[in-house]
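**Q** Handing you this structure, nothing more for now.
Values in this text are rule-based calculations from the coordinates and carry no lab data. What you see is a predicted model; the values in this text were computed from it and never measured.
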Amino acid sequence: MLEGTQLTKDFRVRLGLFRGSATLRAVDDVSITIDAGETVALVGESGSGKSTLGRILLGLILQTSGAVHYRGTDFARLQGDAARQFRADVQAVFQDTSASLNPRRRVGESVIAPLLFNRRLSAAHARIESAQLLERVGLDPKIFASRFPHQLSGGQRQRVGLARALASQPRVIVADEPVSALDVSVRAQILKLMQDLQAQEKLAYLFITHDLGIARLIANRVMVMYLGAIVEEGNAADVFARPSHPYTLALTLSAPIPDPTRARPPRHLIGDIPSPLAPPPGCRFHPRCAFAQAICKTDAPPVREFENAHRSACHFAEQVRGG
Ligand SMILES: Nc1ncnc2c1ncn2[C@@H]1O[C@H](COP(=O)(O)OP(=O)(O)OP(=O)(O)O)[C@@H](O)[C@H]1O
Ligand SMILES: [Mg+2]
């Protein structure tokens, strides 16, 4: 449905007064496919490039190289009706709803806008449907349609964000940390709502999160990103049962998944994430890796493939899988 091929994104960043600028590679040769109806979780620490990748797939920023295909057509070649269809079919939900909800617009108007412009409904029809959409996300339109975003709780705002996204009848929703700002009980409600909507609408999600527990809960497939690159990907069940990259293993240990059958030596992350302006040579994870050997400092690891297209970019993937 939505496919990114060998995507790279460079940003020019200023280093400060008189120090010129440098190139920061936020996304480095990433390929990703999102099939109809599935949930792909994109996980990784802050600064790993998750949002940048999401924004490229949404068409909000342009990649430096690589291509995005929607239903087999190069995104850059979509024009007219096809481009409009893409913008309706691929919707965004952000952590910070201020990016998607106009603070000066009432909730009802925010949900009506895509009905008028993307779906071209009549004003009367749009009004009825916007009320139905609010009901579907668990908000009483009589109470909420006339409110402004600042008069809502975080969870209610995220429900409005979902109603607004659904108004375009999307096929894919790119959700960037949609529940990260919410407290635990509200988080569970919104995740449940997203799962229900997915089942009803056959929606696909690209679910961006730094929280492995959430990925484990909702994802069919998981992609693990580190300093701009995918270091491991596979079916969620495979990735969580058998992390095959030391970075994933360390992440699962910092969000422990109880498994009494596997007594593991400590494999936690060492130190902080390096500057993306100067990624380490060889394997970019080697300075923080408990498995690193001499080769990791010089040679970028090839991608190794295990059962069910479970892939890991690690010289010692077998050892990692062995625990
Ligand atoms: N417009 C920009 N100009 C320069 N650098 C940028 C820009 N946008 C992102 N970056 C840099 O690209 C890298 C990846 O950022 P990105 O926001 O994609 O990370 P992320 O994985 O979403 O992090 P977080 O979990 O904190 O949201 C970071 O080093 C960031 O500083
Ligand atoms: Mg982000």
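**Q** Return the sequence-ordered ³J(HN,Hα) values of region 104-109 in whole Hz as given by the Karplus equation 6.51 cos²θ - 1.76 cosθ + 1.60 applied to θ = phi - 60°, using x for Gly and Pro.
**A** Karplus-based 3J(HN,Hα) across region 104-109 equals 9, 9, 5, 3, x, 5 Hz.
**Q** Among the DSSP beta bridges whose two residues both lie in the chain, what percent are antiparallel, rounded to the nearest 5?
**A** On the way: 28 of 47 bridges.
Antiparallel bridges make up about 60 percent of those DSSP assigns within the chain.
**Q** Rounding to the nearest 10 and keeping the result within 0 to 90°, find how far the Cα-based axis of helix 123-136 lies from the longest principal axis of the chain.
**A** Value to nearest ten degrees: 50.
**Q** Here is a further query. Considering only Gly54, Gly72, Gly20, give the residue with the highest GNM mean-square fluctuation for the chain, with springs between Cα atoms whenever their separation is below 10 Å.
**A** The residue with the greatest mean-square fluctuation here is Gly20.
**Q** Which whole-Hz ³J(HN,Hα) couplings does region 170-176 yield from phi under the Karplus relation 6.51 cos²θ - 1.76 cosθ + 1.60, θ = phi - 60°, glycine and proline marked x?
**A** With coefficients 6.51, -1.76 and 1.60, one gets x, 9, 9, 10, 8, 10, 9 Hz.
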